[in-house]
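A short worksheet on the structure shown next.
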Amino acid sequence: MERVYVLDTTLRDGEQVPGAALNAREKLEVARQLAALKVDVIEAGFPASSPGDAEAVRGIARQVRDCSVTALARAVTADIDAVWEAIREAADPQIHMVLGVSDVHIQGKFRRSREEILEMGVAAVRYARKLCPKVQYSTEDAGRADREYLCRTVEAVIDAGATVVNIPDSTGYCYPQEFGDLIRHLFEHVPNIHRALISVHCHNDLGMATANTLAALRAGARRVEVTINGLGERAGNAALEEVVMALKTRPDYFGLETGINTRELYRTSRLVSSLSGIRVQVNKAVVGANAFAHSSGIHQDGVLKERSTYEIIDPREVGVPESKLVLTARSGRHALSHRLESLGYHLPEDQFEAVHRRFLELADRKKEVLDEDLEELVSDTARVVPQGYALESLAVSCGTVGMPRAEVVLRRPDGSRFTGRGEGSGPVDAAYKAVDQGVGMPCRLLEFSLQSVTEDIDAQANVHVRVRVGERVYGGHAAHTDIVVSGVLAYLNALNRAAQDADGR
Ligand code: KIV
Ligand code: ZN
């Protein structure tokens, strides 16, 4: 296996994302985590952009000693000096400079000729090499450049002393085969190319950043410039986690390896997301919340029998403790019983059937059934709930206009139905008055407590009530995604206990 080197530019290109700027302390925290991830080079910032960024880069260069530290300069002496000042104390410093190579940059941005730009680049490399033994030259917008001019530039900057030459697809313009061809072309037409490390830096404007990076590796590039979570200018850069896991998952195809400690990938992704405030999309490859979550019954059954049926990466390899079986209305019995067992419930057949029935009812109302919901279902099903009055339907109207009103249809123990109506200070009060009409048992509500079982907007509401009937106090309990329904069920639960008690006496 040949080694691929990884330069992480989350703290430079990634930090260019609007709103993602980090302060020096946060940058240092990310840099430390990148070192734990074992990236080869950290691009820590752009020192000429602000004194604060120069200071942040200096802090990283001083304190993160396990990898090389670089920072970006334009190909002018002032910027190069600023980089050198910031990184000179690094264990392994590297100056990175960038200069356009496409005609649209040369003419549109610099308003110079190709020859002038080439001379400027060569002079900047010579200057930087006097300061630092490692100098990277980035041929900005190489993806849209004239190939002959690009080859001449690469050859000239290597002759001038560049130790790394980076070929960026700065605008994410290329397609994988095309970008791979470009890298191959350079290896075939630049005579001194083997004196430098060839790096690639791909943007994601057409969604090709990872594919282009991998195509370049197949064509001979041996260093990648990537970011955590694919952060970066506009649509972002190639995602470190995607490139690294592609190489690790398909050694048969690439025959390449990185030095990345992949078990730190998930932690790094979370850290960058929380500090930058840029959330990771749930279906993001490798580190998204759903990357190892299985929802359909067919997939869940397959994964439970043999993980590799639907998973090509073992989640533990990227630092995710285990795959997740999301319990939804489409989950099967296998997934439900597996999850119940992992929660410590080994239910007898009849109880499992009851829990399964209630699970399906709940799953139809809720997007995802969580562990807390299951615990509630199990304890609810296991409880001996006396038969008695049952709720058939409930309708309430409430709000800021008029009195809250409720109408309930109850089924009596003898099977007959009754409709009760009530008005009250709130929807629960109105519903309880409607129930009282039907049950006709004088009672006083002593306590009503409401707790959400889970966290989301579609969480189950868990209601506990205590009612006094005659001399005795009865408790009732129920859970439902509708607060008023759960309140009425809990109330009926308590009244049924009282009724059963009276019958038994
Ligand atoms: O996209 C780009 O070309 C860059 C360079 C500085 C490498 O970010
Ligand atoms: Zn870039």
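Is the stretch 3-20 home to any residue that is modelled with pLDDT under 95 and open to solvent by less than 20 Å² (accessible area, probe 1.4 Å)?
The initial filter retains those residues of the stretch 3-20 that are modelled with pLDDT under 95, namely 15-20.
So of that shortlist, the ones also open to solvent by less than 20 Å² (accessible area, probe 1.4 Å) come out as 20.
Looking through the stretch 3-20, at least one residue is modelled with pLDDT under 95 and open to solvent by less than 20 Å² (accessible area, probe 1.4 Å).
I'd like the full set of residues that are touching a residue at least 40 places away in the same chain (Cβ under 8 Å) and either within 42 Å of the chain's Cα centre (by Cα) or surrounded by 23 or more Cβ atoms within 10 Å (Cβ to Cβ) (or both), limited to the stretch 126-142. Steps first, please.
So the first thing to find is which residues in the stretch 126-142 are touching a residue at least 40 places away in the same chain (Cβ under 8 Å), and the list is 127-128, 131-132, 134-142.
Answer for the stretch 126-142, where residues must be touching a residue at least 40 places away in the same chain (Cβ under 8 Å) and either within 42 Å of the chain's Cα centre (by Cα) or surrounded by 23 or more Cβ atoms within 10 Å (Cβ to Cβ) (or both): A128, L131, C132, K134, V135, Q136, Y137, S138, T139, E140, D141, A142.
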For the stretch 448-463, what are the residues that are modelled with pLDDT of 80 or more and either at positive phi or open to solvent by 80 Å² or more (accessible area, probe 1.4 Å) (or both)? L450
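Yes or no, residue by residue, for (1) more than 14 Å from ligand 1 (Cβ to nearest atom); (2) outside any strand (DSSP E or B); (3) touching a strand residue (DSSP E or B) at 6+ places or on another chain (Cβ under 8 Å):
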{"position": "A128", "(1), (2), (3)": "yes, yes, yes"}
{"position": "V157", "(1), (2), (3)": "no, yes, yes"}
{"position": "T210", "(1), (2), (3)": "yes, yes, yes"}
{"position": "V226", "(1), (2), (3)": "no, no, yes"}
Can you pull out the residues in the stretch 62-87 that are more than 16 Å from ligand 2 (Cβ to nearest atom) and aliphatic (A, V, I, L, M)? V64, V69, V76, A78, I80, A82, V83, A86, I87
Residues that are at pLDDT below 95 and out of contact with any Asp or Glu (no Cβ under 7 Å at 6 or more places or on another chain), drawn from the stretch 407-419: R412, P413, D414, G415, S416, F418
Could you say whether any residue in the stretch 267-275 is open to solvent by 20 Å² or more (accessible area, probe 1.4 Å), at pLDDT 90 or above and in a loop (DSSP other than H, G, I, E, B)? no
Could you tell me how many of the residues in the stretch 435-468 are touching a residue at least 40 places away in the same chain (Cβ under 8 Å), within 15 Å of Y389 (Cβ to Cβ) and touching a helix residue (DSSP H, G or I) at 6+ places or on another chain (Cβ under 9 Å)? 4
Those residues of the stretch 159-195 which are assigned to a loop (DSSP other than H, G, I, E, B), under 15 Å from V122 (Cα atoms) and within 16 Å of ligand 1 (Cβ to nearest atom) amount to A162, T163
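Can you pull out every residue in the stretch 282-292 that is crowded, with 18+ Cβ neighbours inside 10 Å and touching a Ser or Thr at 6+ places or on another chain (Cβ under 9 Å)?
Step one: list which residues in the stretch 282-292 are crowded, with 18+ Cβ neighbours inside 10 Å, which gives 284, 286-287, 291-292.
K284, V286, V287, F292 - these are the residues of the stretch 282-292 that are crowded, with 18+ Cβ neighbours inside 10 Å and touching a Ser or Thr at 6+ places or on another chain (Cβ under 9 Å).
Do the conditions hold for V104, that is, is it outside any strand (DSSP E or B) and within 24 Å of L256 (Cβ to Cβ)?
Working: outside any strand (DSSP E or B): yes; within 24 Å of L256 (Cβ to Cβ): no.
So V104 fails the test.
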Odd one out for V369, checked against (1) touching a residue at least 40 places away in the same chain (Cβ under 8 Å); (2) touching a Gly at 6+ places or on another chain (Cβ under 8 Å); (3) of a type in the set (V, I, T): (2)
Out of the residues in the stretch 208-246 that are in contact with a helix residue (DSSP H, G or I) (Cβ under 7 Å, 6 or more places away or on another chain) and of a type in the set (D, E, K, R), state the one that is farthest from ligand 2 (Cβ to nearest atom). R218
In the stretch 144-172, what count of residues is obtained for those that are under 12 Å from L186 (Cα atoms) and within 16 Å of ligand 2 (Cβ to nearest atom)? 3
Within the stretch 159-177, is even one residue under 20 Å from E225 (Cβ atoms) and among the charged types (D, E, K, R)? yes
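So, L34, is that one at pLDDT 95 or above, under 21 Å from R234 (Cα atoms) and open to solvent by less than 30 Å² (accessible area, probe 1.4 Å) or not? Spell out how you get there, then give the answer.
Values: at pLDDT 95 or above: yes; under 21 Å from R234 (Cα atoms): no; open to solvent by less than 30 Å² (accessible area, probe 1.4 Å): yes.
Considered against the rule, which asks whether it is at pLDDT 95 or above, under 21 Å from R234 (Cα atoms) and open to solvent by less than 30 Å² (accessible area, probe 1.4 Å), L34 comes out as no.
The values are calculated or read from the model by the stated rules, or taken from the named source; none is laboratory data. Keep in mind it's a predicted model, so treat the numbers as computed, not measured. Backbone-built Cβ (ideal geometry, glycine too); neighbour counts: all protein chains shown. Accessible surface is based on the protein model in full, side chains and every heavy atom, while ligands, DNA and RNA are left aside. Shrake-Rupley method; radii C 1.70, N 1.55, O 1.52, S 1.80 Å.
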